[in-house]
Amino acid sequence: MQPEKLLLRNRSKEQRKNFCNSLKKTDLFKLHQLISGRVLDFFSFKPSDIIAGYWPKDDEVDPRPLLESLSLQNHEIVLPVINKENKILLFRRWPLHSLLKMGLHKTFEPHENQPLFVPDVLFIPLLSFDKHGYRLGYGGGYYDQTLSTLKKIKSITTIGLAYDIQHVNQLPIEPHDEALQWIVTEKKIYHLSEVV
């Protein structure tokens, strides 16, 4: 891991934490709903699209209002499961409000009795992002490996969910880093180097 990335990671975590702590819980919830609304208003997903979300931890943008809306539109919703054999995430069905279990790295994931799917759309958490769509994650490399693998299987849409304060001009990039196609914040929708 690059020392520069480690420093940025710690700084980004602190900045996001301070931002979230500066808001009342009700205001933070409204912010998550606003981000969800921006996604629903802007993107047109095919009825057959399988949607991958994530269960939020720490101060991540909470995608659950968004996943609930998409589930009500009859989309299959899946959550990532850490594969112990390699760094490629698996995705299991998450029936809305069904119980989850604690996985590796203290992430919640569906139980083994839920079927596996290959998603078409992935909503992805992050610590910071730049104008080229690169994200700073937690350093495990799971999403980079997973996106690289999925792109060889099918056409996918990648959407990062973030607060606008997480936007930086440029991140240090390594050869394995995978850029996201879109980043949605409470203020803007970023499409690589473009802003909508």
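Here, each number is a calculation from the coordinates, and none is a lab measurement. Please read these numbers as outputs of a predicted model, since none were measured by experiment. Positions of Cβ are generated from backbone atoms using ideal geometry, with glycine treated the same way; all protein chains shown enter the neighbour counts.
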Order of VAL61, VAL81 under a 10 Å beta carbon neighbour criterion, fewest first: VAL81, VAL61
Euclidean distance of C-alpha centroids, region 23-66 and region 129-196, integer Å: 16 Å
Label point at LEU116 placed 7 Å out along Cα→Cβ; residues across region 90-107 whose backbone nitrogen lies under 14 Å: 90-93
Under the span-like rule (Cα at least 24 Å along the axis, Kyte-Doolittle mean at least -0.5), DSSP H helices of the chain: 25-42
For ASP58, net neighbour charge (Lys/Arg +1, Asp/Glu -1) across residues whose Cβ lies under 10 Å away: +3
Residue order, fewest to most surrounding Cβ atoms within 10 angstrom, among SER69, SER155: SER155, SER69
Gyration tensor verdict on region 1-82 (Cα atoms; rounded if a/c is under 1.5, prolate if a/b is larger than b/c, oblate otherwise): oblate
Segment LYS151-HIS132, length gained on full extension (0.36 nm per residue, minus Cα span): 5.0 nm
Within region 57-160, trypsin sites (Lys or Arg not before Pro) in DSSP loop having at most 10 other beta-carbon neighbours inside 10 Å: LYS84, LYS154
Proxy reagent accessibility, fewest Cβ within 10 Å first, across LEU72, LEU8, LEU192, LEU126: LEU72, LEU192, LEU8, LEU126
Region 15-117: chymotrypsin sites (Phe, Trp or Tyr not before Pro) in DSSP loop, at most 11 other beta carbons within 10 Å: none
Theoretical ellipticity at 222 nm over the chain - DSSP helices of four or more residues, -39500 (n - 2.57) apiece, nearest 500: -9500 deg cm²/dmol
Lysines whose Cα lies under 16 Å from that of LYS151, excluding same-chain neighbours fewer than 8 positions away: LYS87
Net dipole in debye of region 3-195 [+1 Lys, Arg Cβ; -1 Asp, Glu Cβ; about Cα centre; nearest 20]: 260 debye
Residues of region 49-82 with amide N under 18 Å of a point placed 7 Å along Cα→Cβ from ASP27: 59-62
